[in-house]
Amino acid sequence: MQPIQVLIADDDKEIRDLVKAYLEKEQYKADTAADGEEALRLFDTKTYHLVLLDLMMPKIDGIEVCRALRAKSNVPIVMLTAKDTEIDKVVGLSVGADDYMTKPFGIHELVARIKAHTRRYFLLGGDGGAQQETALRFKGISIDPKTHTVTKAGEPVHLTAKEFELLHFLASHPNQVFTKTQIFRQVWDSDYIEDDNTVMVHIRKLRLKIETDPSDPKRIQTVWGIGYRFAGEKDE
């Protein structure tokens, strides 16, 4: 298997060196960037399988870097932020981040999250078990884990890695209701959920991309007081 490459972008040298050292103990390859410009330059020079991105960086901040990366890649992005406000987390997720951690963070939890994201990214990207799965087809929508693609009415829908994984999970169990905690445990591969924002933001973004009318969703439905379900019958 190819080495797993991680890009660590943070203006704090101690954090860069600490995360790099721990990842290399886990046999990961890690490059570091001290600002947003350097992060974007490095990203264009090689293939990375995850980006760890600080929210507040010089030259180009983490939000703009995240937007730029999302315009050309579905690589998992984990945001680091010294801010602990709800709006900062929502903004990070809204521009395409898959996950976030607030500083100060536990290094072991961060490494565990990175391992979970990269493991599932490889599986859904066609480098493991998901490669053997067949496409899920519903009226007007197709979800193909082999190619990591989604089409709506024959037109491609561009999803991030986590958006695809969320959609694939729900659509694999049509009409079954899942709580936010169950969804987080399955899609983020963790039993630890800080709040509902992570799941809610990804659901909202997914609806904007696959629903005809996101304000009146027909596919990803809210079951009040419980959670969410993917509504529909598979095409034979």
*asked:* Leaving out ligands, DNA and RNA, and with a 1.4 Å probe, what % of the accessible surface on the chain is carbon or sulfur?
replied: 50 percent
*In debye, nearest 20, what is the charge dipole magnitude of the chain about its Cα centre with +1 on Lys and Arg Cβ and -1 on Asp and Glu Cβ, if you could check?*
640 debye
*asked:* Can you tell me, using C-alpha contacts under 8 Å and at least 6 residues apart, the relative contact order of the range 5-123 as a whole percent?
replied: 23 percent
*Name the residue, out of Ser94, Ser215, Ser73, whose mean-square fluctuation peaks in a Gaussian network model built on the chain with Cα pairs under 10 Å.*
Ser215
*Using a 10 angstrom cutoff on alpha carbons, build the Gaussian network for the chain and name the most mobile of His148, His158, His108.*
His108
*asked:* Can you tell me, using C-alpha contacts under 8 Å and at least 6 residues apart, the relative contact order of the chain as a whole percent?
replied: 14 percent
*Mind ranking 16-29, 52-65 by how tightly packed they are, going by the mean number of other C-beta atoms within 10 angstrom, highest first?*
52-65, 16-29
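Solvent-accessible area per residue for the chain at a 1.4 Å probe radius, Å²?
In whole numbers, the chain has 48 Å² accessible per residue.
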*When only C-alpha pairs under 8 Å and at least 6 residues apart count, what is the relative contact order of the range 136-230, in percent?*
26 percent
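The values are calculated or read from the model by the stated rules, or taken from the named source; none is laboratory data. Since the structure is predicted, the reported quantities are computational estimates derived from the model, not experimental observations. A quick note on method: Cβ atoms are made from the backbone with ideal geometry, for glycine too, and the neighbour counts reach across all protein chains shown. Protein only, heavy atoms only, side chains kept; ligands, DNA and RNA dropped before computing areas. Shrake-Rupley method; radii C 1.70, N 1.55, O 1.52, S 1.80 Å.
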